[in-house]
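Trainee: I'd like to ask you about the structure that follows.
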Amino acid sequence: MRWVRFQAPDGTIGYGWVEGDRVGPVKGDPFDEYERGPLQWSLEEVRLLAPVLPRKVIGIGRNYPDHAREHGAEVPSVPIVFLKPPTAVIGPGETILLPPQSRQVEHEAELAVVIGRGGRWIPADQAWDAVWGYTAANDVTARDLQQRDLQWTRAKGFDTFCPLGPWVDTEFDPTEATVIGRVNGEVRQMGSTREMVFSIPQLIAFVSSFMRLEPGDVILTGTPAGVGPLRAGDVVEVEIEGLGVLRNPVAEERAMAR
Ligand code: MG
């Protein structure tokens with residue numbers, strides 16, 4: 001099943017499900033009891049939102065060897081873990097804002113794992129049971145600040161730096177998925193989840209060994225080589241082949257209190 005969050009033509013916001021280009025409402029708790037309504041709208045009629053509202057977004061650094069190498073970094077022997085704040089999350093079609101503090105904001109096309117059951121100390125051989133589904137993510141990064149700061153919180157934590165979507169697919173097979181990053185229609189990144197240094201079960205086992213994973217939490221599984229700059233006016237896409245395309249425009253942020 002493909003889960004979305006969406007705003008219906010009458011303004012109502014809630015969870016929904018997608019089949020083909022039709023959307024229907026879902027009532028109840030997606031992680032517990034729920035009921036699907038009829039597929040009553042087309043995708044064009046509704047506004048898709050980030051498909052999940054995670055309480056935490058966990059990033060994994062250098063999880064593709066060719067990306068580690070493009071930054072002259074070693075392939076890690078232990079997963080490199082960081083957090084992105086939930087305030088960074090935006091949905092499909094929402095604008096990535098280039099903050100005035102950075103001159104080098106880059107795209108990172110990634111497969112995102114959305115946690116369902118969660119828990120602590122999840123063994124790798126039971127980790128698939130902890131997953132709700134998969135979506136596309138852009139781990140937007142201010143590369144200059146990442147290199148300048150002692151850690152990555154600011155570089156990866158700006159508002160709008162975590163586009164997710166367009167939907168969470170609960171049937172998707174993530175083990176040999178193609179991850180594609182495009183800017184203005186041009187392919188910049190292409191890799192296979194086969195290349196990951198640490199597999200999804202290994203990542204779930206590692207992260208849950210120190211941090212409780214909860215329903216709706218998101219793990220960004222790392223990016224293949226080819227990361228590069230985003231400029232105002234660009235349209236950036238992350239496609240997970242067979243899952244969907246996450247498309248976001250890019251604009252300058254003007255510093256102002258909101
Ligand atoms: Mg990344």
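Trainee: Normalised by the number of residues in the chain, what is the relative contact order in percent for Cα pairs under 8 Å and 6+ residues apart? Let's see the in-between values first.
Mentor: On the way: 695 pairs, mean separation 66.0, N = 258.
For the chain, the relative contact order is 26 percent.
Trainee: Then there is this: Using only the Cα atoms of the chain, build the gyration tensor, take square roots of its eigenvalues as a ≥ b ≥ c, and label the shape rounded, prolate or oblate: rounded if a/c is under 1.5, else prolate if a/b is larger than b/c, else oblate.
Mentor: Numbers: a/c = 1.62, a/b = 1.16, b/c = 1.39.
Note, shape of the chain comes out oblate.
Trainee: So for the pair residue 170, residue 69, with labels modelled 7 Å out along Cα→Cβ, what separation do we get in nm?
Mentor: Distance between label points: 4.0 nm.
Trainee: A further question on this structure: Per DSSP H run of at least 4 residues, take -39500 (n - 2.57); add these up for the chain, divide by its residues and hand me the 222 nm value, nearest 500 deg cm²/dmol.
Mentor: Only helices count here, giving -2500 deg cm²/dmol.
Trainee: Still on this structure, I have one more. Please report the carbon-and-sulfur percent of the accessible area for region 112-254; probe 1.4 Å, protein heavy atoms only, DNA, RNA and ligands left out.
Mentor: Of all accessible area on region 112-254, carbon and sulfur atoms account for 48 percent.
Trainee: Could I ask something else about it? Are there GluC sites (Glu not before Pro) in region 177-258 that DSSP puts in a loop and that have at most 15 other Cβ atoms within 10 Å, and which ones? Mind showing how you got there, number by number?
Mentor: Working: sites: 186, 195, 237, 239, 241, 252, 253; in loops: 241, 253.
Here the GluC sites (Glu not before Pro) that fit, given the DSSP loop and packing criteria, are 241.
Trainee: Report the full-extension gain for the segment residue 42 to residue 78: residue separation times 0.36 nm, less the Cα-Cα distance, to one decimal in nm.
Mentor: Separation in residues times 0.36 nm, less the Cα-Cα distance, equals 8.5 nm.
Trainee: Also, I was wondering about something else. So how far, in whole Å, is the C-alpha centre of region 184-251 from the one of region 1-74?
Mentor: 14 Å
Trainee: Excluding ligands, DNA and RNA, what is the solvent-accessible area per residue of the chain at a probe of 1.4 Å, expressed in Å²?
Mentor: For the chain, the per-residue accessible area is 45 Å².
Trainee: Also, I was wondering about something else. Simple spin-label model, 7 Å along Cα-to-Cβ: residue 12 to residue 210 in nm?
Mentor: Result for the modelled spin labels: 4.4 nm.
Trainee: Using a 1.4 Å probe on the protein chains only, how many percent of the accessible area of region 2-48 belongs to carbon and sulfur?
Mentor: Values: 1230 of 2830 Å².
Roughly 44 percent, rounded to a whole number.
Trainee: Would you mind computing, in nm to one decimal, how far apart the modelled labels at residue 194 and residue 29 are, each placed 7 Å from Cα along Cα→Cβ?
Mentor: 4.0 nm
The values are calculated or read from the model by the stated rules, or taken from the named source; none is laboratory data. Just so it is clear, the structure is predicted and the values come from calculations on it, not from any experiment. Please note: Cβ atoms are built from the backbone with ideal geometry, for glycine as well, and neighbour counts cover all protein chains shown. Calculation scope for accessible area: heavy atoms of the full protein, side chains included, ligands and nucleic acids excluded. Shrake-Rupley method; radii C 1.70, N 1.55, O 1.52, S 1.80 Å.
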